[in-house]
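Have a look at the structure below, then the notes.
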Amino acid sequence: MISQEKTEEHPFADIFSEDENENNFLLSKPVCFVIFGKPVQSLLISGQSVPDELVTKLMIEKLNSLEVSHFGYIITEIPSLSQDSMTTLQQIELIKNLNLKPDVIINIKCPDYDLCRRISGQRQHSSTGYVYARNQWDPEVIESRRKKKKEAQKEGKGEEEGEEEEEQEEEEAFIAGMQMVAEILQHLVQRPEDYLENVENTVKLYNEIVLQCLEAFIAGMQMVAEILQHLVQRPEDYLENVENTVKLYNEIVLQCLEEIMAEHDPQYLIELNGNKTPEELFMIVMERLKYLNLRRAAILTKLQSAEEEINDIMENEELFHTLSSYKLIAPRYRWQRSKWGRTCPVTLKEGNIYSGLPDFSVSFLGRMYCLSSEEVFKTFLLNPRPYLLPPMPAPPCKVFVFGPDCSGKTTLCNMLAENYQGKVIDYAKLVQPQFDKAREALIENAIAETTETAIKVVKEKLLRELQAKKQAEITLRELQRQYERKEDEEFPMKTFRSLEEDFATEEEVYRPESKRNSSLGDTEEAKPKSENVLYDQAAKVNKDGVNNVLYTDENEISGPSTSKRSSEDPGQELKTDADKVEDSIEEVTATHPQVLSLIEDNIKVIKEMNFEHPYEKHAEILEKVLREVTEENKDRFPNSPRYGGWIVDNCPIIKELWTVLNDKGIIPDLVICLSDTENNGKWLLNRLYFKNKHEIDSKILERLRDDLQKRKKEEEAAREAKEEALRIEEENKRLMEAINKKTKEAEDADEGEDELEGEESEFHELEGLDAASEEIRGSLLPEEFEVPDIPETEPELAPEPTDDTSVETENPKEPKEGLETEELYETVVLPEFAEDAYPDVPEMDPLKEKINYFNIMWKQLEIIMSDSFLQILNLEIANKTPKELLQKVVDTMEKPFQYTAWEFSIEDYDEETEDYQAELEADEEIEEEEEEEEEGNIEEAAKYREKIYYFSSTEAKEKFLEHPEDYVAHEEPLKFEEVLQEKLLLKIEKRVGPELEEDSEEEQIAKQELEELAIQANVKIEEENTKKQTAREDEEISDDEPEEDEDDIENILEEEFPKDEEEMSEEDEEQEMEAIERLRAELGEKFEADMSNLQSVQDELEKVLIPVIVINGARKVHIVQYILSTKLKPLVENRESLFEKCYPISALLAQKMLTYTYKYISAFGYWDPVKLSEGETIKPVENSENPVYPVIHRQYIYFLSSKRTKEKFMKNPIKYIRQPKPKPTVPIRITIVGPPKSGKTTVARKIASEYGLKRLSIGDALRSVLNNHPETELALMLNWHLHKGMTAPNELAIQALELSLMESACSTAGVVIDGYPVTTLQMNLLEARSIIPMIIFELDVPSKETFKRLLLEKSEQSLPYPLHNSAQIVAVKNAKYHKNIGDIRKYYQEQHQNWYVIDGFHSKWWVWNEVMKNIQMINKYMQTYLERIKAGKAARIDMLCITPQELISRLGEFGQYCPVSLAETNELFDCSGTDSLEFAAEFRGHYYKMYSQEKLNVTAEILGSEASTQTSPVKGTNISHEPAFARISGTAFNPKGSEYTRKKYKKKMDQFVERCELITYLGAKMTRKYQEPQFRAIDFDYKLQSFLSLRDIDPING
């Protein structure tokens, strides 16, 4: 087996997965800016119109808003000069402690003089409040600018005309000196511009331009005159106030800002020239940000204007087609569909699935989103990130699960809850008990109300009865009084008696009722015994009370007649009696017999009562339970939807209930119904049988026992009938024997006729006996019947029961006595059934009825759900595992939130055609790859994620449409080798490759046979060689016999070439020409046949898109091999990108896509990935000379620097994106010095044109200031010196150079300084301004070569100003250069080690290669340094232009000693003997020196391993690496900081180092034993006290 080592592949520089990249963007921090600068306008709160606290509060609220967290912020005017609410330090701390830290700091520099002059020139309009600058309102400034512009235009034309006139004058003078006047006249010609018509056109054009300018000038002056009347100068714009403000700013704010900028990453610090216009500053900032590769803020675009209207009921496909074409980025690049589809992402985040409206559709990150309302639309526009971050889009998990018993619905509910971290709501356990409880409370309340009503009725009844009795008593007493008064008068006794009878009758009627009430408890079996006792007691009390009343009344009636009654007021008496009657009524309670009798019938009705709308009560309870569950599940997982996370189980299948739930909005997102429709529900019935197996088996046994007992009885009756028949047969047999015996005796006794007559009579008797026996037998024997077999109780699915495997039954529920029953129980056994089948017996019918009932109710409910547009999922549970069912449910729930594929429709084809036509109109050149896109079969095409895929068959397309994510690349590209292995696997049924090759047994046997054959062949060859040798020897011996040899030769020839019987004649022989023609014809036919076959093969290959390579085989073999290798090499190298596609676009379109975040900028930024892989270290800059070529690959845009690199990248993008990300870079500063004519400018221009750097000389810097900023203080000072004929001072020249270094090209790519410095003063001024080149090239050219080049230059071209190129001037420059260059070289070599000498005597190409070699080396070194420092690793510092003073000030705790040798061997190796930084390294802001390259290599490992513990690598020590010390030292030696800041922090650093040295000193001097003061070191006590005094002091800030 051949082993093949695979090279380790680099990870992708960019995230390959589109979804992962989008999530990465959503999680990223927005870019934030802080702009510092001197105050241009007055303070915001100078008029005290807005309090400082309110301004700060509003700003903090805005910084913490959703909008800022998405788009970022730009802070300006902070820190302010106002110290009322917050000091400057507090304002700076506020900026540092923001949740979103500032990424980029923009510092606008402006000299105080220019700033004061600008502010003091401002005027404000009295009515509008608009502020005008001086150049907008001052007529003098406006006029001067107009004149300068006009002069500049004239100078531009004048220079061209002047050059032409000078050339013409020189030509005329030369001709006048060489020829005669006549010859001159002959050669004179009229210029085209001197033609009359041309002159007239020029004058006409001039007049038009002048008139227009005059009109514009007059209009501008009129506007200025109008504005001047309303302009006023604000007090804060007075010059003295502005100067005070600037002075206050410099004293309070500037120092703090310098500290912040010194601590900030210099790569993200942008310094601008404040004298430029805002437009110029904006362009510079945008150009700088462009190359920082920062993430752009993703903007949202509304996809519909107010004038456009879209139908809300439009289908999804039609809607997406319509929205994707709104506000196109460019043809072909339409808005793409998102995972949310038409679902509103905001409501989905809340837990509700609502469809979005077309009127509220937006695009974000190149995808379309539909919002459901205007409020939601505004919320989404502020910050869409929370609604799109993972795990969204996720289903809210609102599910109802229905199904018959044992269908697995509870298991499915629990698995769904586990998958979505939700909760199962069991309707039977959570909702139904609460409803029953509420119903019981309702019944109790109804019973209580009924009881109270009954009590009130009984009381009223009793009161009426007693009042009636009392009224009767009163009437009797009245009659008695009347009777007593009228003794003489006869009282109508009949009336009295009738009243008594009525009263008695009424009493009797009442008494039976009380008796009936008292016996009510005895007749009701449901009443408890305690209630019966209460009934009896109540009845007794009632009866006794009535009797007592009657008895009392009788006594009163029969009482003495002398009793006195008050008859003055009978009504009052009646009232008093009524009160007494009411008091005399017994207490009526709920146990009163009459109350119980009244509520007896009502209780039965009340117990059956229900709510008026019971299903509404169910819905209320369910809503309450869902609300509680939602509150519990709100944080079930990070970023989970607000609502949802519940699964309802065991919900009743009632249409009315579902209607109420639908009306209340308690509806799920998915309704699941589990059913078994295969094989008549066999699977479900089988599960039901096994669940109720014991019960069903008991019923089966009981039925079998009954059947067996019945058969026993039938068998017993049959046996008894058979015995009776046998008995009768025996009796008949005996009777026949008796008859025969009598007959024989009669034959013997009688003879003759008497015998005949006797025989006939006996015969008749015998027949009668036979008939009688027949009747007896018929009456005794029962009707014959067949004994039935045991009925088959098993269904077709179950096998027949066997006796061998029968199982005895358990004891019966109701045991019977007797031997027969015991035997019966022993013989009845349960049949065996198949393990995977249920018995089709009558005992299964109830279960089948339940299933049928569920199916009927579900069909009715399903119709209602369908009308509500609910999603219903009918799951077939037969032969499905719970995991399979769960996966099906999860797929159904998540399918609406996944990318879907669709068939390529006519609308898609029309879109592609429109885009293609638009591209043709926009770009004349169409890439070949784009033209090949339409080669596929459109009928077998589909679209997925806005890409078109072609298929070989309909089946393949259907598979792709079902699961498109399985066939496209997601996390990594599709590999050609894997696809090829799959193809080969189908053909040869095994994988192929060097690492997979294993010799089979047959191959090994074949190899052995070949080896054996080779051995035999070698043996035969040796034998032949030996034979030949012997033959040669025999020939030598037989040289004396030649005749025999000749005969032998002739014989051999005859044997090999026998002669034909008929020899051909000479005429019939084939001639040479004929043979040639014949061979030529045969070869031609064969060639044509081969070419035809080859063409057919080629056509077949082209059909399957296999490329055909044509190579001229007539050339030499090595040439053919080379061409073949050249053609095949790209196919092999680029096959890993076979399934990748790149699209070239224009630079303008690329910027537009990045602006709208339709595509992302790659991790390479504006680096060329191809050149980066080739070792390039300088980032190319786009300009007119170096255009970029953007290319789209997947979701990224790559910028290539040339057509060559673009073609290479498009052929194999995977190769170039699978490499490390570009390392951090800083703008390059290169200086080239050398004597005159050494080639400085040539090399500088070459570098500038190749990489986009800016070539800058000191003259260019001065001219830039004078031309672009003539009104600044620096320009005025330069003009003052120049107008006096003096040279510009070096101080002013350095200021101009510093301003030029702020230009866009210098701050992004870098600068090449041409020929500066050339004196030590200039060098010192550059050092003071911290302008330190990264690398300085000295082109060393001998003086002789200098003057030689000067002469060659003069001979080749004539300059307009020869004096500036004279030998004298060059000699002076050369002498001055050689005089000062030694000191300059020595200084830079000692201080910065950045001086490189290039032999300029060679050709310019050699010099160029040497220069570029050193630049690449230094730049690569710088990038490695920045990368390692950023990663917290140690990095070399020998090429960072670090001065010895800075090295000493930033040495670590080891000082000049090697930390590696100290850690490894405990030896102190002093490195102070060398000033070289070759073996020095930086780690966490400290410098460390090593004494060898080997120690330097292990420094990173040792320091890196100790980084986490923050301890020193030296054994026995524990010295803290204070991060603040690195910050202090970095600030102290920051070249961009002010002199004051550097001095301040140097002082702090020295103090800090001095305090740290106290530990080392005291640790060395202190001993265990106490020493007297006289024995101590002189400064020991002082240092000890100093150390102890630092206990509560900050070691950094003092």
- Alpha-carbon Debye profile of the stretch 599-650, log10 I(q)/I(0) at 0.12, 0.16 Å⁻¹: -0.47, -0.63
- What full-extension length gain, to one decimal in nm, is calculated for A1075 and L248 as 0.36 nm per residue of separation minus the Cα-Cα distance? 286.4 nm
- Query: S1330 to K1284: FRET efficiency via 1/(1 + (r/R0)^6), r the Cβ-Cβ distance, R0 25 Å, to the nearest 0.05?
  - Reply: 0.20
- Item | Loop-located GluC sites (Glu not before Pro) in the stretch 1122-1226 whose Cβ has at most 12 other Cβ within 10 Å (DSSP) | E1174, E1185
- Going down the list K1413/K1546; K1240/K1543; K437/K655; K1240/K1348; K290/K895, which pairs span over 28 Å between their C-alpha atoms? K1413/K1546; K1240/K1543; K290/K895
- Calculated FRET efficiency, Q1121 and S1092, Cβ-Cβ r, R0 35 Å, to nearest 0.05? 0.80
- Message: Once you place label points 7 Å from the Cα toward the Cβ at K710 and R464, how far apart are they in nm?
- Response: 6.4 nm
- Item | Length added when fully stretched, S65-F1575, from 0.36 nm per residue minus Cα-Cα | 536.7 nm
- Item | At R0 = 60 Å, FRET efficiency that the Cβ-Cβ distance of A725 and T475 yields, to 0.05 | 0.05
- Task: With a/c under 1.5 counting as rounded, go ahead and sort the stretch 632-745 into rounded, prolate or oblate using the C-alpha gyration tensor (a ≥ b ≥ c being the square roots of the eigenvalues; past the cut-off, prolate if a/b is larger than b/c, else oblate).
- Result: prolate
- Just check the stretch 359-489 against the gyration tensor rule for me: Cα atoms, a ≥ b ≥ c as the square roots of the eigenvalues, rounded for a/c under 1.5, and otherwise prolate or oblate depending on whether a/b exceeds b/c. prolate
- Top to bottom by accessible area (1.4 Å), largest first, where do V1460, V1117, V131 land? V1117, V131, V1460
- Quick one: what are the phi-derived ³J(HN,Hα) couplings along the stretch 358-363, Karplus 6.51/-1.76/1.60 with θ = phi - 60°, whole Hz, x for glycine and proline? x, 5, 10, 9, 9, 10
- Note on the structure: Distance in nm between E1250 and S373 label points, each 7 Å along Cα→Cβ, equals 6.6 nm
- Item | Cα shape, the stretch 351-397, gyration tensor, a/c 1.5 rule | oblate
- How do R627, R1385 rank by accessible surface area computed with a 1.4 Å probe, from largest to smallest? R627, R1385
- Item | Full-extension gain in nm, E449 to S1589, via 0.36 nm per residue minus C-alpha separation | 401.6 nm
- Item | Approximate spin-label separation R145-H970, in nm, with each point projected 7 Å along Cα-to-Cβ | 6.1 nm
- Task: Please arrange M1439, M1323, M1073 by accessible surface area, largest first, computed with a 1.4 Å probe and ligands excluded.
- Result: M1073, M1439, M1323
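Give the residue list of trypsin sites (Lys or Arg not before Pro) in the stretch 1222-1331 that are DSSP loop and have at most 12 other beta-carbon atoms within 10 angstrom.
Of the trypsin sites (Lys or Arg not before Pro), the ones in loops of the stretch 1222-1331 whose Cβ has at most 12 other Cβ atoms within 10 Å are K1284.
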- Using a 1.4 Å probe and ignoring any ligands, DNA or RNA, find the accessible area of S1202 and quote it in Å² to the nearest 10. 30 Å²
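The values are calculated or read from the model by the stated rules, or taken from the named source; none is laboratory data. Since we're looking at a predicted model, the values are computed, not measured. Because the Cβ atoms are built from the backbone with ideal geometry, glycine has one as well, and the counts that use them run over all protein chains shown. The area values use the complete protein model at the heavy-atom level, side chains included, leaving out ligands, DNA and RNA. Shrake-Rupley method; radii C 1.70, N 1.55, O 1.52, S 1.80 Å.
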